[in-house]
Amino acid sequence: LFYFDWQDAIWFGDNAWAQGFDPNTPPAIYNVNGGEAHSMGAELDVTALVTPNLMLSGSVTWLESETDQQSWNLAGDAMVPEGTELPYATDWKYHVSADYMFALAAGLDASVRIDVAGAAESYGDLSQNSPIDAYTLVNLRATLREAKDNRWRVTLFANNVTGEEIVLYKFDYL
């Protein structure tokens, strides 16, 4: 469990919020005094050796991260309402994996692994105009290694086998 309480937080701002968006004028970027905010949540990690050959693991994170008071822009208009979700603060994240190890032939061991990780939707800025879609990522791995001394190994892997498009950073001035 965790809880962070910010006083005098600094937000990333631009003049598009303060003066309305003008496509003929590039927005000016600046820091804005944001007032108070908090983040609280919980994390859980579990790993289990289910059989001598099969290891399962998983983790989950729940997060609430939001402003605790209204913030003001340089024009003096309300910019960020109280209760606005902080950027890149997804409510849920998770990861699960299965790793199966086995003897393949005399002197050789092998393993196969699958990892699945994901996150819920979040926003790329305080205006909430830049939603970042939820995603699920699947990775696979197979390893062949010398069993006696583990002096060498060969690994074949495939990341993002479902071809999921994942946006990690996004900022929109509109």
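The values are calculated or read from the model by the stated rules, or taken from the named source; none is laboratory data. Keep in mind that this is a model prediction, so the values were computed, not measured. Using ideal geometry, Cβ is built from the backbone for each residue, glycine included, and neighbour counts are taken over all protein chains shown. Protein only, heavy atoms only, side chains kept; ligands, DNA and RNA dropped before computing areas. Shrake-Rupley method; radii C 1.70, N 1.55, O 1.52, S 1.80 Å.
Placing dummy labels 7 Å off each Cα toward the beta-carbon, the span from Ala48 to Asn159 is 3.0 nm. Annotation: amide H of Leu86 within the under-5 Å range of Ser65, Glu66, Thr67, sequence separation 5 or more or interchain, hydrogens built in the peptide plane. Evaluating 6.51 cos²θ - 1.76 cosθ + 1.60 at θ = phi - 60° for every residue in the stretch 80-85, the Karplus couplings come out as 10, x, 4, x, 6, 5 Hz, glycine and proline recorded as x. Here the 3J(HN,Hα) profile of the stretch 49-60, calculated from phi with Karplus coefficients 6.51, -1.76 and 1.60 at θ = phi - 60°, is 8, 5, 9, x, 10, 10, 10, 10, 9, x, 8, 9 Hz, Gly and Pro shown as x. For the stretch 125-137, the Karplus equation 6.51 cos²θ - 1.76 cosθ + 1.60, evaluated at θ = phi - 60°, returns couplings of 7, 6, 6, 6, 8, 10, x, 10, 5, 5, 8, 10, 10 Hz by residue, with Gly and Pro reported as x. Share of carbon and sulfur in the accessible area of the stretch 99-138 stands at 59%, probe radius 1.4 Å.
The residue list Gln128, Ala158, Thr143 was ranked by how far each Cα lies along the charge dipole of the stretch 56-174 toward its positive end, using unit charges on Cβ atoms, and Thr143 comes out on top.
Take the Cβ atoms of Leu137 and Asn31, set R0 to 22 Å, and the FRET efficiency comes out at 0.10.
Heavy atoms only, 1.4 Å probe, whole protein assembly: order Lys93, Lys170 by accessible area, highest first. Walk me through the numbers before you get to the answer.
Details: Lys93 100, Lys170 80 Å².
Descending accessible area places them as Lys93, Lys170.
A cut-off of 5 Å between modelled amide H atoms, ignoring neighbours fewer than 5 places along the same chain, links Ala147 with Leu108, Asp109. Amide H to amide H, with H built 1.01 Å from N, Glu121 comes under 5 Å of Ala134, counting only residues 5 or more places away or on other chains.
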